[in-house]
1. With respect to the numbered conditions (1) within 13 Å of another protein chain (Cβ to nearest Cβ); (2) touching a residue at least 40 places away in the same chain (Cβ under 8 Å); (3) not in a loop (DSSP other than H, G, I, E, B), which one is the sole condition not fulfilled by A:Tyr95?
2. So C:Gln106 ticks every box in (1) closer than 23 Å to B:Leu281 by Cβ; (2) more than 19 Å from the chain's Cα centre (by Cα) but one. Which box is left unticked?
3. Residues that are of a type in the set (Asp, Glu), modelled with pLDDT of 95 or more and in contact with a helix residue (DSSP H, G or I) (Cβ under 9 Å, 6 or more places away or on another chain): does region A:92-101 have at least one?
4. As an exercise: evaluate B:Ala345 against (1) of a type in the set (A, V, I, L, M); (2) more than 7 Å from every other protein chain (Cβ to nearest Cβ); (3) within 25 Å of C:Tyr113 (Cα to Cα) and give the number of the one condition it does not meet.
5. Could you check how many residues of region A:111-143 are at positive phi and surrounded by fewer than 24 Cβ atoms within 10 Å (Cβ to Cβ)?
6. Give the residue, chosen from A:Val388, A:Val338, A:Val409, that is more than 19 Å from A:Leu265 (Cβ to Cβ), among the β-branched types (Val, Ile, Thr) and either surrounded by fewer than 18 Cβ atoms within 10 Å (Cβ to Cβ) or touching a helix residue (DSSP H, G or I) at 6+ places or on another chain (Cβ under 6 Å) (or both).
7. Where residues in region B:222-249 are among the basic types (Lys, Arg) and touching a Leu at 6+ places or on another chain (Cβ under 8 Å), which of them is surrounded by the fewest Cβ atoms within 10 Å (Cβ to Cβ)?
Amino acid sequence: MHRSARRGLAIASTIALLISAAGCSGDDGSGPGGGSVPGVTDSEIVVGTHMPLTGPASAGYSKIAPATKAYFDYVNANGGVHGRKITYKIMDDGYNPANTQQVVRQLVLQDKVFAVLNGLGTPTHTGVLDFLKSNRVPDLFVASGSRSWDQPDKYPGTFGFNPDYTVEGKILATYAKANLAGQKVCFLGQDDDFGRDSLVGVEKVLGATGVAVKQTYVTSNTNVAPQIGAFKAAGCQVVVLATVPGFTALSIGTAARLGFKPQWLVSNVGADYPTLAKQLGTAAPLLEGMVGTNYLPMQNDTANPWIQLFAKINKTHNGDAPFDGNTVYGMSVGYLFVQVLLAAGKDLTREKVLQTVQKGGFQGPGLVPLRFSANDHSGYGGQRLSRVTGGVQSYFGPAYETDEADGPVNEYTATPVAPPANGVPTVS
Amino acid sequence: MSATRAAVPPKQRPADAGDRPVDRRRGSTLLRHLAIMLAAGLLLVGVSYAVEPFRNFQLATVAAYLCATAGLTVLTGLNGQLSLGHGALMATGAYTVAFCQNAFADRGMTGGWLLPLSLGAAVLGTVAVGAVVGVAAARLRGPYLAGVTLAVAVVVPALAVTFDGVFNGEQGLSVPVEPPPVSLGPYFPYERWQLWLTGAATLLALLLLANLIRSRYGRTFRAVRDDEVAARLAGIHVARTQVLAFVVSAATAGLGGALLAVLAQSVSPGAFSLTLSLFLLMAVVIGGLGRLTGALWGAVLLVALPDLTHSLTEMLTLSPAVAQRMEGNLPLAIFGITLIVVMIAAPGGVQGLLSRLGRALLARWSARRS
Amino acid sequence: MDRFVFLTIDGLSRGAVYAAFALALVLIWRAARVVNFAQGAMAVAAAYVAYTVSAQTGSYWLGFVVAIVAGLLLGALVDRAVMRYVDHTSPLNPVIVALGLVLLIQAVLGMVYGSEFRPAEAPFSRSALTVGGLAVLSPYDLFVFATIGVVVVGLAWIFARTAVGLRMRAAAFAPEVSRLLGVNVGGMLTLGWALASGVGALAAMLVIPTELGLHPHAMDLVFVSAFTAAVVGGLDSPPGAVVGGLVVGLLLSYVSGYAGSDLTPLAVLVLLLAVLLVRPGGLFAPVAARRV
């Protein structure tokens, strides 16, 4: 056969194959849409998320989306929302922004999701902001404390959830200023927006000269001995950590073997006691006295009605997975989303959901207020401090609220609400 | 023979890895390739109307990866140089296009000719980087070359974090891209436009590559791969040839990265990690090393295999406890097994397998005719 | 000065582990001309087995021994069940198969153990002993140095002084001739894989307690450093792997201590270029490349 003809044939057959492949999958890919609102039928609401379920960054995070799904399954078992069941499509992006591009397009264009909920990660989610905006997909409760989600003018459909890193830095620094006055404060942060924004918050309270030694780490280098050694050499007494859980444990472990015992003040990102204790193993007593922050009920507070509810759902709908801060987080996201769906009414549209979130007024498990309004899309606006005593992490003192700018750090005194009796929110 | 010399890939290769005799037939190679590409382009336009937006985007991604895999297969398959650093070269192209597009947008410049300009700049920028790496690479063989290119693959994303003032760290840069031209109508699907853009750029790159392979340069590439000493005796400047191959390969990798950035409308270091470089290498070998059609299969697999394995896993209904363990991991396991099985069953890759099948069918057909 | 001593010791103790891991790579390269990209994943799998055994029995040392045995068996298994069937005429085929193995092993570990970090215990204290007010080695560092010293000397002894070692070298260097002389070449290859994988498992047991903990990806970064070390030293040279490992360990420590940890990848690239542009076959290349 003529060579060029053969090659032409090869290309043609390739493309024909592609078409047929695309054609086949095109049929089942038309999704549950059908109606005018993508992802919504009379009996179902389809939402999706992107999460690292595999890869080096998956530790801990891989448990969030299953917990959210478990909460939705619980709600579905109790009749759903306005008679509709929630289907939660969890896509693994391995914390790789290139994969996020693919899976989010698959969710939106092929699975025709109604909204993207709780997409995780700053570098991953930043890449799909524009795509979600141009497709008018509600982008709710992004799982990261970056300030990028709070840009109502640029991204009207995007809302945050976590308190941003600057808010957190301000609250940790306020604690240091009030209770550890005169001590030398040092800072270790991840070399990205997490570490940077957190340091901004710390310096807003302590002043530009208030932090004696500033060090950074990169996740691709698991030796923090040089940084911790520098803290020890400088005689730091308080170390603020803007670190992911792995590096919190690593920093505390490294400090112990260098004979360095400062007061640790740890970002909520890396302060979940069960996660840290599990990683440190027999060295877990090193966590004694660690001060952390959080804004959701503490996972070990079995007297808290929210924890009772979530633990029950974890048992019945989540395969009784180990219960930790990530589980509480995932279920809290689910609860808030169900609240929003309920408040948006039976006649569900994307515009209505966005308006509903902007209207705000949602009260749930959180200890601090959610700051949703027309010009604020930032999510939780404060945190409460916790301390590890006798191997138990518990809250102390009041909850604080503040903003990411120069506003003061105020106590937040409103009493927390209890969950509804059957665990499913009702229209208020 | 010294140990370092032994590290050079052995000379025996799959019988059809681009070692075909020089084409002596009359007729212009360029015209023939042009006709094939034109046909492919027309088909692509047809396909873009036949399938839904997500498939359009996937095909566009295939096209972007194809640029990179085609360049890598020329370097590794035809010139015998191993590169674990093509992800870094793609990042170079991606960031260049981001800088250009942002610069144009900041100055309020608009027009259809800006994007080709940015893509051209991306290719040039990557060529410069590729030339530097290529000069170093020309001195190295086998695993030593792999070591240096692997280090390049790790360094480039890390630089984006180190110089975060310029590159905006892990978060990366956004790439402003203009909507489809108004002349296509107000409701022209954006994904179809993306496929047209990347498809056109990729076909152009493939056309140039195909001609290069058939030219004198292509022959010197292969000569250097097969026997450096003989090539040198035949008057071929080995180092220069190797640098040239690296530069050509870098140019297409840069274009591929730039197209990916345009597709994603953003660029961040996490998308160009070492994993990407390794996946590109897997793609060209699985597709069939040294053949542009092999590069096509590789690019298709890069996009289709994760999707397929995911759909496969979704069909299983599992209890929550089991599902939590399987989710994400099962697709990876299937992916891994596929790589191993294909490599063992068809060492020449998909294209080698198809060629074998094709030849067998052809033989049977002609046997029946005679 | 204190800081310099501190960084030096820190670098040496990591470098020792890189050296052991690089040694494992060199073993397979010499035996089979394959750069085993699956080395890290295989070593992690062995470490997970050790974790399970230690958790069940409460004995670190039993787990330690089991890890090495598991490493040996896994190496033999990979050779017998997978690598033997791979077409080695193109050097890239085994590399791709190894990458496939990485994906498969990590996925299976993720399914069985989940993607959480598991605590990895160190058998000795990691707190540094102080001599004259200067914090020097920790007992664990001493354990690492001693273990790796034993491995290096043991391997040298096997290859230089024992009949099996001689056969392995012969089988790798001249398989056809060796086969004619009655050497079981296939068996020697399997033995080479087993040995290398056992050494890799040992290195993983030593390094994982100093890192984030046990995780399917725990050895990814160590693999990159160790591969660099092997290349710097020269893939054909076991002493080169040891020197390369120590050099890379020191470099990483000094650069993150004095310049910032984000610059370490750049420093590694500069080291590689500096060494390889002068000696394209690594520091310990036996013979300079032939030029025409």
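1. (3)
2. Exception for C:Gln106: condition (2).
3. No, that holds for no residue.
4. So B:Ala345 meets the others, but not (3).
5. 2
6. That would be A:Val338, the only listed residue that is more than 19 Å from A:Leu265 (Cβ to Cβ), among the β-branched types (Val, Ile, Thr) and either surrounded by fewer than 18 Cβ atoms within 10 Å (Cβ to Cβ) or touching a helix residue (DSSP H, G or I) at 6+ places or on another chain (Cβ under 6 Å) (or both).
7. Among residues in region B:222-249 that are among the basic types (Lys, Arg) and touching a Leu at 6+ places or on another chain (Cβ under 8 Å), the one surrounded by the fewest Cβ atoms within 10 Å (Cβ to Cβ) is B:Arg222.
Yes/no per residue for (1) without any contact (Cβ under 8 Å) to a residue 40 or more places away in the chain; (2) under 25 Å from the mean Cα position of the chain (by Cα); (3) closer than 30 Å to C:Ser237 by Cα:
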| site | (1), (2), (3) |
| --- | --- |
| B:Gln101 | no, yes, no |
| B:Leu114 | no, yes, no |
| B:Ser118 | no, yes, no |
| B:Gly125 | no, yes, no |
| B:Ala131 | no, yes, no |
| B:Gly134 | no, yes, yes |
| B:Leu145 | no, yes, yes |
| B:Leu150 | no, yes, yes |
| B:Gly165 | yes, no, no |
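The values are calculated or read from the model by the stated rules, or taken from the named source; none is laboratory data. From a predicted model like this one, the values you see are computed outputs, not experimental measurements. Virtual Cβ from ideal backbone geometry, glycine too; neighbours counted across all protein chains shown.
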